[in-house]
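See below for the structure under consideration.
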Amino acid sequence: MKKEPFLQVSKRRNKAGWQERLLIRFIALILALIVCGAVIVALVKMNPVDVYKAIWDGAMGSERRLWQTIRDTMVLLCISIGLAPAFKMKFWNIGAEGQILIGGACSAAVMIYAGDKMPTGLLLIVMFVASAVGGMIWGMIPAVFKARWNTNETLFTLMLNYVAMQVVTYCIVFWENPKGSNTVGIINQATKAGWLPELFGQKYGWNVVIVLILTVGMFIYLKYCKQGYEIAVVGESENTARYAGIQVRKVIVRTMAISGAICGIAGFVIVSGASHTISTATAGGRGFTAIIVAWLSKFNTFIMVAVSFGIVFMDQGAVQIATQYGLNENASDVLLGIILFFLIGAEFFINYRVKRAKK
Amino acid sequence: MRKALAIGLAAVMAVSMSAPVFASDDSEGGAGIAKEDLKIGAIYIGDENEGYTAAHMAGIDEMVENLGLDDSQVIEKTLIGEDEGCYDAAADLADQGCQIIFANSFGHETYILEAAGEYPDVQFCHATGTQAASSGLSNMHNYFTNIYEARYVSGVVAGLKLNEMIADGTVKEDACKIGYVGAFPYAEVISGYTSFYLGAKSVCPSVTMEVKYTNSWASFDLEKECADALISDGCVLISQHADTTGAPTACEAAGVPCVGYNIDMTSVAPNTALTSASMDWGVYYTYAVQCMIDGTTIDTDWCKGFAEGADKITPLNDKVVAEGTEDKVKEVEDALSDGSLHVFDTSTFTVDGKELDTYEKDGQEYVSDGYFHESEYGSAPAFDVAIDGITSITE
């Protein structure tokens, strides 16, 4: 007797339509929330609706909290935009953390040493450019090695994160206040020199403007520019690219220069627009979170807005459930993990068709 | 629209009605806040799993009990980093109606200052900080305890143990060296280990000390490694100014006596932990919140010690401490309380072979009447002089 598998899995011949994809993802999200609820009840015997409400409250409960959520979304989004071209080229840039730190350190250095020597507008432009160049150099180092000697970029970029951390630690020795305390504190607290000013009465207005310009710019660059097309071809197959006459080495270095520069700008946005300080925790793991954002969004920068918002939303909510219910903040990591599991799992059902085996 | 109007009207009425009650001048110590209307915020660098923050949380609980408040009147935010997240937390607590907000980590200070400027009606209290007085903000306060007194007493306990080890021949008199696991090389830590050393030296004159830094406030692995390195460097007793149980864990494995910080270390080092220098933050929290109730002004710099019960050493581990320790500790504690003994008595140590007869910092002379006036002109420790007998290794 021939045994038939209960379920048959086959690759979809035609891509699922957008309605179908949306439906699958929506079902995944609902399932994720149900499982999260079950976990909450099982672990802490609390009403999951209350916990969801607290998360919502923590992220959007007041105007201030909403703006914090927006501010952190913009930072995460900026980093994800930076990573998009690199990953689209299948260049595994695990080094966003380092590129952010170097960018942030450049901004901080300009603030500290030139804060009182330039008019505000010029100072901010110098900081912006310094951060972009800093991040660009940090991103180009592994790219040049990859292009020239085919080194492994995953390891190389990862290791450069630790180098960047040491560079920042070294800088802090000169900038810390008081000496030996390892804290730089708020830079230019009295003069606010080098702080992004308010825009439309909003403290974080400029952060939003800068990052949204990058969002649109990157979307156009990847979708409608020749260079964006080259990135896609190199990502699919280097040999094809070479056959088509694309200078692969040049594309690798150029793309990583852009990627690093945008991550450096993220460092500028953090230092000048949010924290006004520099420490080894300035990047805070966001360089890694952004990788998930970039992949989940399939490098579409507009989808990234939604995904970054979702992740920051959960993070902000975490603080609230921690204070309100005395749950550890890691509780929301568990919830986020469950949601990501289902969303990534949904991709399987988008690419494959599952059918009951015929009798 | 109508709803918004109603809310607006209600707000105007509420403000106009409450105005006469709260309009009295705060700086004159006007009307206090009724106990049941109090709302207290706390911002912590760590959570209950980290000794330093755990001590603060215990202090807050003690205050709630002392003053007969309800737990729901306290909002505690844990794991708040030293970045814009700290400002967010402070502003959020103020938005939620907290009238007094505490923050416990050194690096929080500039962010708390930022919030204090923005919310002039909310009192902000920052532990271990230095900038309240110079900020010119009347609602910004610093607090700390005279932890150097507790360190001195724990140093005495260590010195007596060293004497016992010399007497029974396990250590040579000229080779009794203490190892110290420090966090960062600045005044708070330097003042701490110097007072510990002076305590040990007061009973064991030949003692020397070696200090190594981890450059982290709380890292179990680094502190353990650091203690191991000190032990292999010939240190026969270990103490620490870092927040985990890393050092005592290393000591227990190596059989080296140790003195902890913040919490009782006997749970991880039952056969080697002598005692720990520790603080009772509840004394300050009770004081500060009582000020809110009474409507009196909170000290800009608050720093108290043994006399007020803000400092203590954890119970002596009878299995390890030398004979007669308890009596000696009592004697020293009493002398510190009544002011007859000063930790930084300049006749007990030298700097580059000479007695320290003057030390000026920020325009303030600290040495007079034969001792260094630690923590008298600001709540944060000030003593940052390298004295003879201590070698520190800054990498």
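Where a number appears in this text, it was derived from the coordinates with a stated rule and is not lab data. The structure presented is a predicted model; accordingly, all values stated were derived computationally and were not measured. A quick note on method: Cβ atoms are made from the backbone with ideal geometry, for glycine too, and the neighbour counts reach across all protein chains shown.
Here are the numbers for this structure:
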read-out	value
Nitroxide proxy distance, nm - points 7 Å out along Cα→Cβ at residue A:281 and residue A:57	2.6
Per-residue mean of C-beta atoms belonging to partner chains within 10 Å, peptide B:74-84	5
Sequence-separation-based contact order of the range A:46-168, relative, with Cα cut under 8 Å and 6+ spacing, percent	29
Linear extension gain, residue A:8 paired with residue A:238, 0.36 nm per residue minus alpha-carbon span	79.4 nm
Cross-link pairs beyond the 27 Å C-alpha cut-off, checked among A:45/B:77; B:224/B:304; B:304/B:330	B:224/B:304
In degrees, nearest ten, helix B:109-118 long axis to first principal axis of chain B (Cα)	20
Estimated FRET transfer efficiency when R0 is 60 angstrom, pair residue A:333-residue B:345 (beta carbons, to 0.05)	0.70
Average beta carbon contacts from partner chains per residue of B:212-218, 10 Å cutoff	1
Estimated vicinal HN-Hα couplings, Hz - the range A:121-128 in sequence order (Karplus 6.51, -1.76, 1.60; Gly, Pro = x)	x, 5, 4, 5, 5, 4, 4, 4
Ascending count of other beta-carbon atoms within 10 Å, so fewest first, for B:57, A:89, A:60	A:60, B:57, A:89
Antiparallel DSSP beta bridges within the protein assembly as shown, as percent of all bridges there, nearest 5	25
Of A:15/A:88; B:312/B:361; A:250/A:298, pairs whose Cα-Cα distance is over 22 Å	B:312/B:361; A:250/A:298
Rg in Å to one decimal, and Dmax rounded to a whole Å, for the range A:184-252 via C-alpha atoms	20.0, 59
Helix axis angle, B:325-338 relative to chain B longest principal axis, alpha carbon, degrees	50
Packing-based exposure ordering (other Cβ within 10 Å, fewest first) of A:355, B:312	A:355, B:312
With at most 16 other Cβ atoms within 10 Å, longest stretch of chain A clear of loop chymotrypsin sites (Phe, Trp or Tyr not before Pro) (DSSP)	A:7-199
Semi-axes of the equivalent ellipsoid for the protein assembly as shown, Cα gyration tensor, largest first, Å	50, 33, 28
Contact order normalised by residue count of chain B, Cα under 8 Å, 6+ apart, percent	18
Hull-based mean projected area of the range A:208-307, where the convex hull spans the alpha carbons, in square nanometres	7.1
Label-point separation, residue A:19 to residue B:358 (7 Å along Cα→Cβ), nm	8.9
Mean separation of Cα contacts under 8 Å, 6 or more apart, over the residue count of the range B:139-210: relative contact order %	49
